[in-house]
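Let me begin by presenting the structure, written as structure tokens, before commenting on it.
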Amino acid sequence: MVLVIAAVALPTVWLSGVGAAAQDQGQQAVQAAEQTLVWTADNGYTEYKSAPTTAKAGLTTIVFETNASTGNTSGLTHTLTFDVSSPGYNHDVNVNFVASPFDASGGRHEVQVNLTPGTYRFYCAIPGHSGMVGELVVTSADTTPPTVAANVSGEKNADGDYVESAAVTVSATDTESGVDTVEYALDDGAFQAYTAPVPVNQVGEHTVSYRATDKAGNTSEVQSVTFTVVAPQPKDTTPPTVAANVSGEKNADGDYVESATVTISATDTESGVDTVEYAVDGQAFASYTKALVIDQPGAHTVSYRATDKAGNTSDVATTDFTVVMAPPPAETPLTVTASSRCVGSSVYVAVTAVNDGDVPATVTLTTPYGSKTVADVAPGKQAYQSFNARAKQIGAGEATVTGTSLIDGEKVTTSYEADYTATSCG
């Protein structure tokens, strides 16, 4: 397009390319423009006095002004022309303002257009003004609402309800235009500005709704969080009940033979048992985790106590008992001897067993050459037998003697061995 403008002629404004329909659309949207971009020119012709370089996509009011207020005191004519042909630029906005201080608008012209993301090239179309050129970078408009979330905090009971009170913290983020306002509504109440965590201390079920709006006017969908506040339970001031049980084999005196096992148990019907402790024979208290086995002979005292989750500790209780060693097993006491000797040309093995006990005993004498049982050997008396080996010589060997007696009503059998030497009789 060639512009031929006389120095004294009144300038004109051309809006071309999108036609009358686009111009009508711009006029209908005058009240809805989201931003205003202003270009100015003065007495110079190598650059615009001022020109925007960035903008947001959307309805925009474009203003071009050149007059005394912008520094144009010479009556110089300038244009603001959007490039609609050069590759690499947006071509969807055709604006061509021709303005001077002497035109019918006093050098100020404006129009509404719809900018789209990308780059627009603008310039002055007056010959000799080629230095008046620039680019306008348009970025996407913010149409994304903020991201908003809520967190409920407070002391919970075993059912997950909040005891006595809860606090609701609402947070919002927006990576484009930024968060403008955050709002909340408690139960059926109206939305109000959120400035600090919302305390909720009325017993019952509650719902907190929340939303956020960014600086571009986008509002998030309403979200909500539901929870229950319950009254605190009466304070637990009662300590646990604790007991100990001692088990094991007892003798006739009621003492524990070899070892005693101490089992401690505790119950608490309010806050519940937290810890159980014990101490043996005045030592420091230790945590009780399993039954105690006490196997050191002597008298013992086990102390014990329990603490509940509310911090109440029971009085120290004790259990006393004695551990004794097991008595040696009962036996029939015998003194046993064995010897070998020659009788003529034969070897004989003689075995003697003396009853060292307090009651009669039945004694059985056994060698490789025979066996003999002697009943009711009185205390201090002996059982004797000489066994003919029927051989001129024998090697060394061993005789076995068993004694059986009735001790404390029980039959007790004890076995003994006695060695004899090798013997040769010619």
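Scanning the stretch 283-335 for residues that are part of a strand (DSSP E or B), open to solvent by 30 Å² or more (accessible area, probe 1.4 Å) and among the β-branched types (Val, Ile, Thr) yields a count of 7. Scanning the stretch 180-204 for residues that are touching a Pro at 6+ places or on another chain (Cβ under 9 Å) and modelled with pLDDT under 95 yields a total of 1.
Set side by side, the residues Ala104, Ala125 differ, and just one is touching a strand residue (DSSP E or B) at 6+ places or on another chain (Cβ under 6 Å), among the small types (Gly, Ala, Ser) and assigned to a loop (DSSP other than H, G, I, E, B), which is Ala125. Just one of the numbered conditions (1) open to solvent by less than 30 Å² (accessible area, probe 1.4 Å); (2) touching a Ser or Thr at 6+ places or on another chain (Cβ under 8 Å); (3) outside any loop (DSSP other than H, G, I, E, B) is not true of Ser224: (1). Applying the condition of being aliphatic (A, V, I, L, M) and assigned to a helix (DSSP H, G or I) to the stretch 29-60 and asking which residue is least open to solvent (accessible area, probe 1.4 Å) yields Ala32. Give the residue that is surrounded by the fewest Cβ atoms within 10 Å (Cβ to Cβ), with candidates limited to residues of the stretch 92-131 that are within 28 Å of Asp142 (Cβ to Cβ) and either of a type in the set (Ser, Thr, Tyr) or without any contact (Cβ under 8 Å) to a residue 12 or more places away in the chain (or both). In this case the residue turns out to be Thr119.
Please go through the stretch 135-164 and give me each residue that is assigned to a loop (DSSP other than H, G, I, E, B), open to solvent by 30 Å² or more (accessible area, probe 1.4 Å) and of a type outside the set (A, V, I, L, M, F, W, C), ordered by number. Can you show your working first?
Taking the stretch 135-164 first, the residues assigned to a loop (DSSP other than H, G, I, E, B) are 140-146, 154-155, 157-161, 164.
Still in the list and also open to solvent by 30 Å² or more (accessible area, probe 1.4 Å): 140-141, 143-145, 154-155, 157-161, 164.
Within the stretch 135-164, Ser140, Thr143, Thr144, Pro145, Gly154, Glu155, Asn157, Asp159, Gly160, Asp161, Glu164 meet the criteria.
Of the residues that sit in the stretch 61-75 and are in contact (Cβ under 8 Å) with a residue 40 or more places away in the chain and either part of a strand (DSSP E or B) or exposed (fewer than 15 other Cβ atoms within 10 Å of the Cβ) (or both), which one is nearest to the chain's Cα centre (by Cα)? Residue satisfying both the conditions and the ranking: Thr61. Could you tell me which of the residues Ala167, Ala190 is of a type outside the set (S, T, N, Q) and not in a strand (DSSP E or B)? Within the list Ala167, Ala190, the selection yields Ala190.
The values are calculated or read from the model by the stated rules, or taken from the named source; none is laboratory data. No experiment lies behind these values; they were computed from the predicted model shown. We place every Cβ from the backbone using ideal geometry, glycine too, and count neighbours over all the protein chains shown. These area figures cover heavy atoms from the full protein model, side chains too; ligands, DNA and RNA do not enter into them. Shrake-Rupley method; radii C 1.70, N 1.55, O 1.52, S 1.80 Å.
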